[in-house]
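See below for the structure under consideration.
The values are calculated or read from the model by the stated rules, or taken from the named source; none is laboratory data. Since the structure is predicted, the reported quantities are computational estimates derived from the model, not experimental observations. Quick reminder, even Gly has a Cβ in these numbers, built from the backbone with ideal geometry, and neighbours come from all protein chains shown. Quick note on the areas: whole protein, heavy atoms, side chains included, nothing else; ligands and nucleic acids left out. Shrake-Rupley method; radii C 1.70, N 1.55, O 1.52, S 1.80 Å.
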Amino acid sequence: MKYYILVVLAVLFWSGNFIFGRYISSDIHPLELSLYRWLFVLLLLSPYIILRYKNLWTQFKNHYIVLTLQSILGISGFNTFLYYGLQTTTATNALLINSSIPIIIIVFSAIILRKHVTKIQLTGIVLSTLGVIYLVLKGNISNISQFEFTKGDFWIILACFDWALYTVLLKYKPKDLNAFEFFGLTTFIGSIVLLSVFIISPQHFTLDFIEKKEVFLSLAYIVIFPSILSFYFWNISTEKLSANTTGQFAHLMPIFGAVLAYYILGEVLHPYHFVGIVLIGLGIYLSTFFKKKNR
């Protein structure tokens, strides 16, 4: 049960990442936000990285290909793509597209890990996906006519494929790295990649965001909760539960997003929220817990 709680917390904190990322999207360039986010995380992790540098260096030499790939996917790529997408797409579109992650994870798991999906798991996945769609459409199928795909939507789609592949490849995490060592090492590698991309881009280093209270506070939240805590919780839970299982909890994101919007932005909760919550909850139960009772 411990790891289920951890993965729920990871998704909760990531839901806030969507809200705050969208909130400050007009005040800071996506590449800047991603770079500063991970540089601050790296700064906080540096004492631990220095203490464990011998094992980290040894593991990198032995597994540099998989570690570099996971760093690029999990640290450098996903959130950068997400922040680019949130500049031009709506939160509604982003949530709808994000609901595809569990399905993409299952496809990648079947191809890469040869994982078999049972009928009851598939039923649960369909129910959860329907719950997300019901939430996003606000309980009215006619609202689908209001959706217009933008350039930002394609960035979100790329982010979804990126994260699904990262989650599946966690299966190949070096066994001699614990979850926090793995996070520290991939943060270090991913930050170097981001910095390299930033240097060759037209962007310039500025600290203007410090003068903007909303940007500074949003960045502080993003560094601590969606970065350090969520990544650690997700990595360790995926290792213990499997990519297919943790992937289903991504469907909780629109629920948490609605609740956070209620408390932070003063938005109203409607009956369709609760219908969507029931469908998503039932879907997660069928795709994770129910199958365990019927082995």
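Numbers at a glance
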read-out	value
Of the criteria (1) closer than 24 Å to Ile222 by Cβ; (2) under 20 Å from the mean Cα position of the chain (by Cα), which one Val66 fails	(1)
Scan of the range 18-39 for residues that are open to solvent by less than 10 Å² (accessible area, probe 1.4 Å) and over 24 Å from His204 (Cα atoms), ordered by number	none
Selection within the range 191-226 - among the small types (Gly, Ala, Ser) and more than 16 Å from Thr80 (Cβ to Cβ)	Ser218, Ala220
Residue satisfying condition, being surrounded by fewer than 18 Cβ atoms within 10 Å (Cβ to Cβ), part of a helix (DSSP H, G or I) and under 19 Å from the mean Cα position of the chain (by Cα), within set Phe225, Phe180, Phe216, Phe231	Phe180
Meets criteria (under 19 Å from the mean Cα position of the chain (by Cα), open to solvent by 10 Å² or more (accessible area, probe 1.4 Å) and modelled with pLDDT of 85 or more) for Leu95	no
Filtered residues of the range 45-74 (kept if at pLDDT 95 or above and under 25 Å from Ile19 (Cβ atoms))	Leu45, Leu73
Among the residues listed as Phe198, Phe205, the single one being assigned to a loop (DSSP other than H, G, I, E, B), aromatic (Phe, Trp, Tyr) and over 25 Å from Val8 (Cβ atoms)	Phe205
Search result, residues across the range 149-177 that are assigned to a helix (DSSP H, G or I) and more than 30 Å from Lys115 (Cα to Cα)	Lys151, Gly152
In the range 113-132, residue nearest to Phe18 (Cα to Cα) [restricted to those that are open to solvent by less than 60 Å² (accessible area, probe 1.4 Å) and aliphatic (A, V, I, L, M)]	Val132
